[in-house]
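Here is the structure we will look at, set down as structure tokens.
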Amino acid sequence: EDKVVQSPLSLVVHEGDTVTLNCSYEVTNFRSLLWYKQEKKAPTFLFMLTSSGIEKKSGRLSSILDKKELFSILNITATQTGDSAIYLCAVVAGGTSYGKLTFGQGTILTVHP
Amino acid sequence: GAVVSQHPSRVICKSGTSVKIECRSLDFQATTMFWYRQFPKQSLMLMATSNEGSKATYEQGVEKDKFLINHASLTLSTLTVTSAHPEDSSFYICSAIPGTGTNYGYTFGSGTRLTVV
């Protein structure tokens, strides 16, 4: 059974801090790893990672994938209160044409002013 | 970018009634859509994979007679919660893939919060 594990499950920081969120996985026929941010409604897409060692950046957020060790990290620098959300890691795997998306438990990030 | 519309965003129904939730891909065709369920402060759990023109594939433990899925066109999938009970109260989210080779990953609808009273 495909498995995606995120850590920590929750994190409380102050504005300006840097955070690192972790995601490890054990899946069959890995295709890609996705990071999402979820506030009150549906998740919003952050990154899609398919190759090892290539960092993807978007403003203060960055992410990288290690396919040998089967994990990914999401970094947020200079955190702001607007970064408070659930961060979801999901892995696309499987032999079908579309792959199957398996989510981790999520990391609840709270940024205090 | 790819947009998935989900309707309604919130619904309250009486126990024993049925509720239909719609998921539409607005600017792309989606042969495959996915339905998820999310409890408060928990992650998304895949319920079923909806395939246009064929039967849905349900995940283990999901009752297919209770959660009816219809994917009658390339832009619309519906989830009907039949004979709803309070334990069915949850946040239901659909998603679709805008196509191969995109950087969008899976695109999600805005979700439907179902409350069964």
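Taken together, the values in this text are just the output of simple stated rules run on the coordinates, not laboratory data. Since the model is a prediction, treat every value here as computed from it, not as a measurement. Reconstructed Cβ throughout: ideal geometry from the backbone, glycine too, with neighbour counts over all protein chains shown.
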If you rank A:4, B:62 by fewest surrounding Cβ atoms within 10 Å, what's the result? B:62, A:4
Would you mind calculating the relative contact order of region A:1-106 from Cα pairs under 8 angstrom and at least 6 residues apart, reporting the percent as a whole number? 35
What is the dipole size for chain B, taken about its Cα centre, with +1 at each Lys and Arg Cβ and -1 at each Asp and Glu Cβ, in debye to the nearest 20? 240
What's the average, rounded to a whole number, of partner chain beta-carbon atoms within 10 Å of each residue's beta-carbon in A:38-47? 6
With the charge dipole of chain A built from beta-carbon charges (+1 for Lys and Arg, -1 for Asp and Glu) about the Cα centre, the Cα from A:72, A:36, A:14 projecting farthest to the positive end belongs to A:36
What's the exposure ranking of B:20, A:100, going from fewest to most Cβ atoms within 10 Å? B:20, A:100
Output the antiparallel fraction of DSSP beta bridges having both residues in chain A, as a percent to the nearest 5. 90
With a sphere of radius 12 Å drawn around the Cβ of residue A:105, what net charge do the other residues whose Cβ falls strictly inside it have (Lys, Arg +1; Asp, Glu -1)? +2
Calculate the dipole size of region A:43-113 relative to its Cα centre from +1 charges on Lys and Arg beta carbons and -1 charges on Asp and Glu beta carbons; express the result in debye to the nearest 20. 140
Going by C-beta contacts inside 10 Å, put B:65, A:17 in order with the fewest on the left. B:65, A:17
Can you find, among B:39, B:23, B:61, the residue sitting farthest towards the positive end of the charge dipole of region B:9-74, where Lys and Arg contribute +1 and Asp and Glu -1 at Cβ? B:39
Run the lone-cysteine check on the protein assembly as shown: no other Cys C-beta under 4.7 Å from the residue's C-beta. B:13
Along each of the three principal axes of the Cα atoms of chain B, give the extent in whole Å, ordering the values from largest to smallest. 42, 29, 24
Too-long pairs where the Cα-Cα distance tops 23 Å, listed order kept, from B:14/B:55; A:37/B:64; A:68/A:100: B:14/B:55; A:37/B:64
Picking from B:82, B:5, B:114, whose Cα lies most toward the positive end of the charge dipole for chain B (charges on Cβ: Lys, Arg +1; Asp, Glu -1)? B:114
Report the net charge of residues surrounding residue A:64, where surrounding means a beta-carbon distance below 9 angstrom and charges are Lys +1, Arg +1, Asp -1, Glu -1. -1
Given charges at beta-carbon only (K, R positive; D, E negative), |dipole| of the protein assembly as shown in Debye: 340
